[in-house]
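Quick notes on the structure that follows.
Read-outs throughout are calculated quantities, based only on the coordinates presented, and are distinct from any laboratory measurement. Being a predicted model, the structure only gives us computed values, none of them experimental. Don't worry about glycine lacking a Cβ; one is built from the backbone with ideal geometry, like all the others, and counts go over all protein chains shown.
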Amino acid sequence: MKIIRRLRVMPDVWECVVVITSGQAAEAPVEAQTRSPRESLFARPQAVLETALIVAGFVVLFFCMPHQIRGDDLKRLHDIQELLRYGKLDNSQYSIVMPLFSVPILLLGNVVESQKWWAGHVNVIFVAIGVTVAYFLLRRRYDPRLFRLTVLVMLGASFFTNRLRDWSVETFTSVLVALGIICLVQNRHVFWGWLGIIIGVVNTPAAIIALAMLACWQSARTRQLRHLLAIPAAAALIMLEAWIRRGGPFVTGYGKQGWTFPFVLGLFSILFSFGRGLIFFTPGIVLWLGRHWRRAPAREAVAMMLVFVFGLVLVYSSWWAWDGGISWGPRFFLIAAIRPLFSSPPGSGVRGSRQWQTRSPSACSPCRPGSPCPARSPT
């Protein structure tokens, strides 16, 4: 019990940065209306500096960080090159989805460097596009400074950074699923949100269980059965690719390699092993066992993230290569590194739609009876 209590109060890098750097953000909706022109002018250089650091971070990750493709990445590159050069679709066990989306970037290798060189840099480009899209989706609905700080930490202080060195499919899937969850929680662009999640799951077919759990969660949350349509849609696309490439809808191409590892051992290894354990790479998940963090403004988005991660844990616990092979950290659960984007402290300046707003006592100033409270009304 003492260990569990210690884990509950052990914040990871994300929550530390969010709490420390956004100390007065809890009263942002109120201060936004009473901020002096001098304070506004001071905030502009700060925003410019943080944005410049984000851009510089992507530049450093693209040009300075060593990139290489190896293992499964080499087979994926061979598959897409065979398709581009000879129009032949190989019967590989790896999905062709991410390589297809990478084609416009890979074709730059015919002019500058090589296709192999660009394949090693594709994930940096995907993440940069994902951050840009997330900014516009969260604009006027999420504290912009908190968003910038979170992106900075994600790029430089999480195990997400290491996955930008190669052509791993988990990066592409994590970006699409995160963007889809943003759309679902805000109830905006729901169709495109589910489409992105479905494409990400087809890219990593093992995540179909996680999608099913996410669809059931969203259907129960909104009391709408239409969200369940994402399950057969993703399953149909996965089976269609298997049928076209390998001759049968249920042929995975892995042969004897499959779910042969003891489930309990795999589960404990994924959670607690020193080199792959989620408890070490994303310890902030444990904070959601307490009551305080359940009152966070974006708790619905965090809950959906955790549901998806839980589904992945159930799938990969009995997978023969649950450790992810050659990687630093639990690469199959890369989306867990994006989760803290939504896990800001209660009343941390989230504003806009009701899904992203909370009634926190610290965010409300004393109001006279009958007078509107600015912290409770959308801004």
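How much net charge surrounds residue 327 when only other residues with a Cβ under 11 Å from its Cβ are counted (Lys, Arg +1; Asp, Glu -1)? Mind dumping the intermediate values first?
Numbers: positive: 70, 163, 165, 276, 331; negative: 72, 166, 170, 323.
That works out to +1.
Could you order the peptides 95-107, 77-89 from most to least packed, using the average number of other C-beta atoms within 10 Å per residue?
Highest-to-lowest ranking by the protection proxy: 95-107, 77-89.
Viscosity 0.692 mPa s, temperature 37 °C: give me the Stokes-Einstein translational D for segment 153-302 in µm²/s, with Rh taken as the Kirkwood radius over C-alpha pairs.
For the chosen part, D equals 186 µm²/s.
Mind listing the phi-derived Karplus ³J(HN,Hα) values for segment 216-231, rounded to whole Hz, using 6.51, -1.76 and 1.60 with θ = phi - 60°, and x for any glycine or proline?
Once θ is set to phi - 60°, the couplings for segment 216-231 become 5, 4, 5, 5, 5, 5, 9, 6, 10, 6, 4, 5, 5, 5, 5, 5 Hz.
Net charge within 14 Å of residue 57 by Cβ-Cβ distance, Lys/Arg positive one each and Asp/Glu negative one each, not counting residue 57 itself?
0
Determine, for each peptide in 229-241, 210-222, the mean count of other beta carbons within 10 angstrom over its residues, then list the peptides with the highest first.
By packing density, highest mean first, the sequence is 210-222, 229-241.
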